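Below is one structure, written out as structure tokens, with a few remarks after it.
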Amino acid sequence: MNTKGTVFKYADNIDTDVIIPARHLNIQDAKELAAHCMEDIDASFVTAVKPGDVIVAGWNFGCGSSREHAPLVIKTNGVGCVIAKSFARIFYRNAINIGLPILECEQAAEEIAAGDTVSVNFDTGEIVDETTGKSYRAEPFPEFIQKIIRAGGLLASLRKEA
Amino acid sequence: MGMTMTQKILAAHAGLPSVRAGDLIEAKLDLVLGNDVTTPVAVGVFDEAGFDSVFDPEKIAIVLDHYTPCKDIKSAELCKTARNFAKRFGITHLYDVGQAGIEHALLPEKGLVAPGECMVGADSHTCTYGALGAFSTGVGSTDMAAGMAVGENWFKVPAAIRVTLTGTLPPYVSGKDVILHLIGEIGVDGALYRSLEFAGEGVAALSMDDRFTIANMAIEAGAKNGIFPVDGVTDAYLKGRSKRPWTVYEADPDAVYAETVTIDLSTLESTVSYPHLPENTHPANDGKDIAIDQIVIGSCTNGRLSDMETAYRILKGKKIADGVRGIIIPGTMAIYRECVVRGWTTAFIDAGCIVSTPTCGPCLGGYMGILADGERCVSTTNRNFVGRMGAKTSEVYLASPATAAASALTGRITDPEPYL
């Protein structure tokens, strides 16, 4: 699995309230909900983002609420991967459970700039900034989590076991 | 190698003699919780996966609290989805309007949580129940769906930060000030992926409500869970509430902690977290020049009876400042009723406040007190992120009920001490 796209860069502590404000959580339709992704910190995100694009952020991405709507709206907007220095733990679980690829890589998150073209290989954890030519290696997921991802998410993996 | 309290509970629920930080385990769940925002998503996942039964209809709790009584048609549809799911599987613990309260105030009150238990909730503040010596953590809707279907979830066993509490709190400094102080010290990701294990002789003097408030905001330091030892205060709270036997776990004397933080409770003062992160803490006394438009007293953090009592003691016989909107929300129907019976509701209304039935409403910017551009609110809730309570330029200042009540009287951020 791979993705390649343009980078949207954000700061530390991007919380789930800015990823998808709670005032919209009464919306059940994923596409309608996704139109509000990042609106309080980056109003142009939803119009600019294209399938395969990459979000790069600092520490503690996805902190705050447990709302699964947060990784879901990012995925629904076509984002191919989120790279951050670290992820808040519930967001991390949720992203794995719904099949949004995420990678922790401090150096990549530090150096990659907004607007760069980046390609990511999820099998190897290799991140290449094609704009600068630099490459980075993220920690691969533990086998237990890879099993969930290979099965296509948590529920699919449970069904497989049943 | 010794285990922390959290590790012991997880090992027991995974059927293992011992676990170590970093182990990936599958643990049996004693309770799975969802609300009106997260349950409908879980129902969708549950149905899509094709499950046709739940693991135990008595070990699932669905609490309709975020937008209830429903603020609009969309939220009414969410509640309907959750309600129908509960009916379909005979889920015992469905709490709807009239019985519902804010979930993390309600579940302990109803005796649904006991020491040594392992539980998950599709709400980040599920960590509240660590106050009772349970392992309890927030998860997403897919984990909730999996938990409801099979009664298990996977966990990475967390390392822990030991928070040693010494001394006793000064009057009108409360559990809220303790947790805001701690988050200010270690930061919003200071406990990322870890447990916050509270210990030390200072624990004994903390009320159950203070412990709930402290454990509730463990997530705001990034923690997987917050947990307190079980003592006489816990036993007194559980008496008459919990109907099933429970197991008390204690950390081993040689338990390994990644870090230790010590807090002398006697040195703490009323603390306020300025926008837009809970770690941005300041003494309440430094906020005198910050004019406010609204106060909110309530939420899963501070909507309990002792919080209402503190507000009453400060507001009774007084009027809140002109131009300040006072919103008081008791956390459960039982607390609401008690406020009525004790005459506190009358005192709040006479002071110029409104008193709402239980709802998460304003905390997450849902309804019942949304802020306009540039408005400021002193709130006993738990998050002050950009746009959390309304417009993206609005500001939330997190504080204790005492600080919020005192600030309502002056119209500025105010240390409650002189207002006793």
For segment B:100-124, the count of residues that are in a loop (DSSP other than H, G, I, E, B) and either within 14 Å of chain A (Cβ to nearest Cβ) or more than 20 Å from A:S66 (Cβ to Cβ) (or both) equals 7
Among B:E259, B:E309, B:E279, the single one that is in the same structural domain as B:G200 (by TED's automatic domain parsing) and among the acidic types (D, E) is B:E259
Item to complete: Return yes or no: is B:P416 of a type outside the set (F, W, Y), closer than 20 Å to B:V272 by Cα, within 14 Å of chain A (Cβ to nearest Cβ) and crowded, with 20+ Cβ neighbours inside 10 Å?
Response: no
Subset of segment B:36-60, residues buried (at least 24 other Cβ atoms within 10 Å of the Cβ), more than 10 Å from chain A (Cβ to nearest Cβ) and of a type in the set (S, T, N, Q), comes to B:T39
Expected single match for more than 9 Å from chain A (Cβ to nearest Cβ) and surrounded by fewer than 24 Cβ atoms within 10 Å (Cβ to Cβ) among B:V32, B:V97, B:V63 is B:V97
Log entry, pairs with first residue in segment B:360-386 being at the interface with chain A (Cβ under 9 Å from one of its Cβ atoms), second being of a type outside the set (G, A, S) and surrounded by fewer than 24 Cβ atoms within 10 Å (Cβ to Cβ), beta carbons closer than 6 Å, six or more apart or on different chains, reads B:G365/A:R23; B:Y367/B:K71; B:F385/B:H276; B:V386/A:V18; B:V386/A:D40; B:V386/B:H276; B:V386/B:K392
Only one of B:A204, B:A284, B:A199 is among the small types (G, A, S) and assigned by TED's automatic domain parsing to the domain that holds B:G303, namely B:A284
Exactly one of B:A105, B:A145 is more than 13 Å from the chain's Cα centre (by Cα) and surrounded by 24 or more Cβ atoms within 10 Å (Cβ to Cβ), and that residue is B:A145
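For segment B:315-346, give me each residue that is of a type in the set (A, V, I, L, M) and crowded, with 21+ Cβ neighbours inside 10 Å.
Within segment B:315-346, B:L315, B:V324, B:I327, B:I328, B:I329, B:I335 meet the criteria.
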Scanning segment B:189-232 for residues that are hydroxyl-bearing (S, T, Y) and crowded, with 24+ Cβ neighbours inside 10 Å, the one farthest from B:R383 (Cα to Cα) turns out to be B:S195
Do we have any residue at all in segment B:65-78 that's part of a helix (DSSP H, G or I), within 21 Å of B:T332 (Cβ to Cβ) and not aromatic (F, W, Y)?
yes
Matching residues in segment A:26-81 (farther than 30 Å from B:C79 by Cβ, in contact (Cβ under 8 Å) with a residue 12 or more places away in the chain and part of a helix (DSSP H, G or I)) number 2
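The values are calculated or read from the model by the stated rules, or taken from the named source; none is laboratory data. No experiment lies behind these values; they were computed from the predicted model shown. All Cβ positions, glycine included, derive from the backbone under ideal geometry; neighbour counts span all protein chains shown.
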